[in-house]
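Just below is one structure, and these are the notes that go with it.
All of the numbers you see were taken from the coordinates with simple rules; none came from a lab. Just so we're clear, the structure is a prediction, and the values are computed from it rather than from any experiment. Every residue, glycine as well, gets a Cβ built from its backbone with ideal geometry; the counts of neighbours run over all protein chains shown.
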Amino acid sequence: MLQPSPRSPLATLDLPPNRQDLVQPYLSSARAGWEGICAEAMHEPREFEGWLRPVRPDISLTLFTGGPMFLEWRHLQAQRSWTGVTLRHGDLILRPTHSVPYELRWRSLSSAPTHTFTLAMPQEALADTAQHVAGDDPTHLTLVERAGFQDPLLLQIALAMWRTLAEGGPDGQLFAQCAAQMLTLHLLRHYTSRGDRSAALPSPTHTLSARQLQRVIDCIQDQPGQQLTLRVLADQTGFSPAYFAGLFRRTTGETPHQCVLRLRLERAQQQLAATELSLAHIAGACGFADQSSFTRAFKRALGVTPRAYRRECRGSIMTRTTNMPSSTSASIS
């Protein structure tokens, strides 16, 4: 089981010593080198009391999967009574930055284990997206706290980031940064004090110029084995990462991560068909963490493993060679 990294805000801020002894995140983005967003997955205890959650500067989104639980919380300084909610598979909790500490307790409602996946990002990420993407004044935005709700898009983002963190997939940090941009924009449009007025957030129409797009493509292709970040790609255009991510998707129909993955898989296809290089060598040369992550990504995109694809390519070449007319028959005809 992975231990929490000292750099993880969820480990250092949320978990008092007694809970740290009981629950450890088995996946942590700090170990994966992600920047700008923290992600942790946990197996939750069946019952817990006395979790004092202090003031924290981060926005957090927690996904609950598995067995249901009853969760209660109360703000300590206001001396409020307990507020409770039953959480079921697929439910979410959205917490804005907190100015007062509060206490949590919960108990399981079934024998099935409960798992959580929590994403935490700084308030500045929301403000930056509001300013550069939505053209809104971030000082007038208030994120609405919600518990026990479901949102298909937030669910898919959380599950995709959970899977990427578990698999150690290619360009995991780039994927996390792109997903975080989608997450913050969705929060702006639907979970702020202006969330019921989504039309007030303008829908940008600008796109990248052909020259700007080519610079990004060249950057990706010139560094096939390097782990790219959203900022590195955005620097090719002169835009902020938040603004660039939206421009790129409107221009190409892909996120930057999807484009990087597609180009690297195309390069891998070429090497599989034209060389005798080992799968491990091709994986590293095309920017994949290892052969296993390369095989998963390749099969997910093309429906076959790299080894099977190479066999198909060789079989196709042999078939074409066999069906070619001989020089004698060609001259007679």
Self-check item: Rounded, prolate or oblate (a/c below 1.5 giving rounded, otherwise prolate when a/b exceeds b/c) for segment 233-296 by Cα gyration tensor
Solution: prolate
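With +1 on each Lys and Arg Cβ and -1 on each Asp and Glu Cβ, and nothing else charged, work out how big the dipole of segment 204-321 is about its Cα centre, in Debye to the nearest 20. Walk me through the intermediate numbers first.
Working: 16 positive and 8 negative charges, 74 e Å.
Once rounded to the nearest 20, the dipole reads 360 debye.
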Quiz item: By how many nm would the segment from Leu109 to Arg262 grow when fully extended, if each residue of separation counts as 0.36 nm and the alpha-carbon distance is taken off?
Solution: 50.7 nm
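Which number do you get for Rg(Cα) / (2.2 N^0.38 Å) in segment 204-321?
Working: Rg = 16.3 Å, N = 118, 2.2 N^0.38 = 13.5 Å.
It is 1.21.
Can you tell me which of 253-264, 38-49 comes out highest on packing, and rank the rest after it, using the mean Cβ neighbours within 10 Å?
Working: 253-264: 20.0, 38-49: 18.2.
The densest-packed peptide leads the list: 253-264, 38-49.
Considering all alpha-carbon pairs of segment 148-192, what whole percent are spaced by more than 13 angstrom? Don't skip to the answer; put the middle values down first.
Numbers: 549 of 990 pairs.
Result for the distance tail: 55 percent.
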Quiz item: Peptides 213-222, 181-190: what's the order by average Cβ count within 10 Å, highest mean first?
Solution: 181-190, 213-222
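Taking 0.36 nm per intervening residue step and subtracting the Cα-Cα distance, what contour gain separates Leu302 from Glu167 on full extension?
46.8 nm
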Self-check item: Taking Leu277, Leu247 and counting other C-beta atoms within 10 Å, the order from fewest to most
Solution: Leu277, Leu247
Practice problem: Taking only the C-alpha atoms, wrap a convex hull around segment 33-105 and report its volume per residue in Å³ as a whole number. | Solution: 108
